[in-house]
Amino acid sequence: MVGRASGDANGQGSNSWAPVPLSARNGLGPERSSGVTSIGGVHQRMNLNLIVDIVILLVIIAIGVSVLRAWRSQAARARLTPLPPETRNRYVSAWDRLEGRFVDAPEEAVLEADSLTTALLGERGHPLLMDHLPRQLRSAKIKLQDGQRHHRTEDLRRALLDYRAVYARMIGPEQPEEVAEGRRETA
């Protein structure tokens, strides 16, 4: 309700303020004076609110799923066991041999890289289910299949590069040998 000066039709009268119905101010009829807007407007606001609520819920679910995936992959990486130096050296020499054979027998070298990388992951305790494998290893397997199917050395070369990246990440840096207590190395 909005107030206005009350008075007679000639504009004469007191300067007091009297309430004016909302319908008179808007020029709307008495059917709209209850303060409720049209039914269509209410539904439009409800639909818009519902859409906003659904979008917010979907964003929250997406964030939750991504956090869960990150947590699961972090947990899988955290359980990786380090390789003993002699086992690491065995993998390093096997990798060097297979890279040397790539020029003469690319398909066999890449198949061996697949076996060697999978064995390395297994020995470190990485889950070997396809959906738990590193993305680059899954990509390497696809490139290997393409290279075998189409007999393209380029696919095999790219697969070997992916296997090498996964291998390098999983083999890790060489661990310095522990120095016996009481004995110091000098530079």
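Observations
- Any hit, the stretch 33-52, residues being among the β-branched types (V, I, T), modelled with pLDDT of 85 or more and closer than 29 Å to L129 by Cα: no
- Test: residue in the stretch 74-84 that is open to solvent by 50 Å² or more (accessible area, probe 1.4 Å), more than 34 Å from the chain's Cα centre (by Cα) and modelled with pLDDT of 90 or more: no
Residues are listed down the side, and each one gets a yes or a no for (1) among the basic types (K, R); (2) under 33 Å from the mean Cα position of the chain (by Cα); (3) within 26 Å of R72 (Cβ to Cβ); (4) surrounded by 15 or more Cβ atoms within 10 Å (Cβ to Cβ):
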position	(1), (2), (3), (4)
A94	no, no, no, yes
F102	no, no, no, yes
A119	no, yes, yes, no
H126	no, yes, yes, yes
L156	no, yes, no, yes
V166	no, yes, yes, yes
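- Across the stretch 84-113, the number of residues qualifying as part of a helix (DSSP H, G or I) and touching a residue at least 40 places away in the same chain (Cβ under 8 Å) comes to 11.
- Residue within the stretch 135-149 that is open to solvent by 90 Å² or more (accessible area, probe 1.4 Å), among the aliphatic types (A, V, I, L, M) and at pLDDT 75 or above present: yes
- Single unsatisfied condition, R69 versus (1) open to solvent by 70 Å² or more (accessible area, probe 1.4 Å); (2) at pLDDT 90 or above; (3) assigned to a helix (DSSP H, G or I): (2)
The values are calculated or read from the model by the stated rules, or taken from the named source; none is laboratory data. Treat the numbers as computed from the prediction; the structure is a model and nothing was measured. Backbone-built Cβ (ideal geometry, glycine too); neighbour counts: all protein chains shown. Heads up: the accessible areas ignore ligands, DNA and RNA and are worked out on the full protein's heavy atoms, side chains in. Shrake-Rupley method; radii C 1.70, N 1.55, O 1.52, S 1.80 Å.
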